[in-house]
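Read-outs throughout are calculated quantities, based only on the coordinates presented, and are distinct from any laboratory measurement. Just so it is clear, the model here is predicted, and its values are computed rather than measured. Note: ideal-geometry Cβ built from the backbone for every residue, glycine included; neighbour counts use all protein chains shown.
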Amino acid sequence: MNRRLNLKAWLLMLPALSLLIAFTHWPTLKTFWRSATWAKSDVAPSQFVGLENYGLLIEDPVFWKVIENNFWYALGTVPTSIALAIAMALWVNGKIKHKGLLRLAYFTPTILPMITVANIWLFFYSPDIGLFDQLLRAVGIDGPNWLGDPDTALGSLMAMTIWKEAGFFMIFYLAALQTLSPELYDAAKVEGAGPWRIFRRITFPLLMPTTLFVLINALLNAFKLVDHLFILTKGGPNNASNLLLYYIYETAFSFLDSYYAATLTVVMLVALALIALAQMLLFDRKIHYR
Amino acid sequence: MSTWLQHLSRFSAYLLGILWVLPLLYAFWAAFHPPEYATQFSLTAPLTLENFVSAWDQAPFYRYMLNTIVITTLILVSQLFVCTLAGYALARENFFGRGFALALVLTQLMVMPEVLIVENYKTLSDLGQIDTYLGVGLPYLASAFGIFLLRQTFKTVPQELEDAARVEGLSGLSLIWKVFVPLAFPTYLAFSLVSISYHWNNFLWPLVVTNTVASRPLTVGMAIFGAPESGVDWSVISAGTLIAVGPLLALFLVFQRQFIQSFMHAGIK
């Protein structure tokens, strides 16, 4: 009986597990293997080269540039998106007029395809005739060439990323806010606490589990969201706005070097593993806290 | 709160709202006005539908949209089936190796298929599935997120209900189909909307695995259409953008409440 039950359960798992193994676990293992091999061309037989590809990696200035960019990209987008998401959720959950419309406005970028809207942002950022430069000219400032200048290119990408994800994260905060008990706030008001104090002492700590969840997702996005690069900067100028996943794509499908692309993918997998580890540690603490 | 702070807060809320819909507002402006007005804003600008006509002529939108609909449907149907079985097993069956199976599933939450484009491309080319609908769909046919969501929902179904159904003679697949699936309807709706908007908008993997109009979805088509090399002007690009996002946007505006509630529902689990 027991054996039959086990068999039945594994049969139910079979379609899901075979698909996941074929397109997640097996390719992950193959990535590690490929990163230790090399061949002259895609048709030539590959040979084992040990850590040679990693030697190339360490000496590749573009790789270090990409890692640096990814670091700034995460630092620039994650806290801002979270802060905006909290503000949006508080506004929409509060007593403001036209709440529904506002919530709709904040959420809209979530369902718009990044790649398609990037075409519109491309216009916003274009030098002189673009919307941002036109607005700046109206107040007497000569706007920069947002995407063409290495100093502003990455920042311009970040702005679009924040625009894309803040409204999505707002949803999680909104859901969390609706579970907080009104008595708590009544009590705080009786005590004479101001709105900032209420936020810092009550709302923010109670939203902590949501913040952790959103934080992990925002970090994943910092590695995953590269669609707009294809339209806005293609990683340029001179790799000033290149990010790891885009570099992997370029290496594999423009430079046709799948061995080095695999080596770069290993770096990505290590980064994701670190995020997973951080998540486990953080969520453990959350349970203790409760 | 002091009044000026209150005003500042309200002002910021509306300003942010306007900023957030600005790209869409601009797309509407440019798409419905002649190209001369794409970069200058005047209340007297005449309206036109010309941009939609030329966008429609310059790219096979009809085919792109068909491809997107087929791919999104293929993925969703497969996900619903595969995730139901796995979610049920993980929630209600006590079997040897369950923790291990769950861990295997959850890996995909971190290692998304986008990260593995290099190896998955090799696999798909070995299978001869480059530039096919199935090729675009394959890495997504099982969703860890869907399995997890359904597992959480199935766990909340009372044991007495399951026992009663078993007394009535239901078992195996018919038990799942007649008892668990109907009870989890809100979760199915939530997951479906999240999945549809994800795959309608997905870009990187379809870009890698499609070569021709035969399987190329809207997102990849729009990237080619909007490329500076193709020499299309802002007005036509805006019209194209509205054509591309139109169906999903319309669906979203009509079912706004359900959409937002579904995303919330999916997020709390």
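Along region B:39-45 the Karplus relation, 6.51 cos²θ - 1.76 cosθ + 1.60 evaluated at θ = phi - 60°, assigns HN-Hα couplings of 10, 9, 10, 9, 5, 8, 4 Hz to successive residues, with x for each Gly and Pro. What is the log10 of I(q)/I(0) for the protein assembly as shown, computed with the Debye formula using one identical point scatterer on each Cα and no solvent, at q = 0.07, 0.12, 0.13 Å⁻¹? One equal scatterer on each Cα of the protein assembly as shown leads to -0.45, -1.32, -1.51. Ranked for footprinting exposure by Cβ neighbours inside 10 Å, fewest first, A:Ile111, B:Ile130 give B:Ile130, A:Ile111. Using Cβ point charges alone (K and R +1, D and E -1), the dipole size of chain A about the Cα centre works out to roughly 1520 debye. Annotation: amide H-H contacts under 5 Å for A:Thr37 (H modelled 1.01 Å from N, sequence separation of 5 or more, or interchain): A:Val49.
Say R0 is 25 Å: what FRET efficiency, to the nearest 0.05, do A:Lys8 and A:Phe48 get from their beta-carbon distance?
E between A:Lys8 and A:Phe48, to the nearest 0.05, is 0.05.
Which of rounded, prolate, oblate describes region B:60-268, given a ≥ b ≥ c as roots of the alpha-carbon gyration tensor eigenvalues and a/c under 1.5 marking rounded, otherwise prolate only if a/b is larger than b/c? Judged from the Cα gyration tensor, region B:60-268 comes out prolate (a/c at least 1.5, a/b above b/c). Straight Cα distances below 17 angstrom link A:Lys40 to the aspartates and glutamates A:Glu52, A:Asp257, with same-chain residues fewer than 8 positions distant left out. Could you compute the FRET efficiency for A:Asp128 and A:Phe255, with r as their C-beta to C-beta distance and R0 at 35 Å, rounded to 0.05? Working from the Cβ atoms, E equals 0.55.
Is the shape of region B:3-144 rounded, prolate or oblate, going by the alpha carbon gyration tensor and its root eigenvalues a ≥ b ≥ c, with a/c under 1.5 for rounded and a/b larger than b/c for prolate? Please list the in-between numbers first.
On the way: a/c = 3.30, a/b = 1.58, b/c = 2.08.
Oblate shape, in that a/c is at least 1.5 and b/c is the bigger or equal ratio.
3J(HN,Hα) along region B:102-110, derived from phi through the Karplus expression 6.51 cos²θ - 1.76 cosθ + 1.60 where θ = phi - 60°, amounts to 4, 4, 4, 5, 5, 3, 5, 5, 8 Hz, with x in place of Gly and Pro. For region A:235-277 versus region A:1-72, the spacing of their alpha-carbon centroids is 13 Å.
List every DSSP H helix in chain A whose Cα atoms extend 30 Å or more along the helix's own long axis and whose mean Kyte-Doolittle hydropathy is at least -1.0.
Working: long enough: A:61-93 (47 Å, 0.92); A:150-177 (40 Å, 1.06); A:258-289 (46 Å, 1.28).
Span-like helices, by this rule, are A:61-93, A:150-177, A:258-289.
For region A:148-169 versus region B:21-86, the spacing of their alpha-carbon centroids is 22 Å. Exposure here means at most 15 other Cβ atoms within 10 Å; with chymotrypsin sites (Phe, Trp or Tyr not before Pro) in a DSSP loop as sites, the longest stretch of chain B lacking them is B:97-254.
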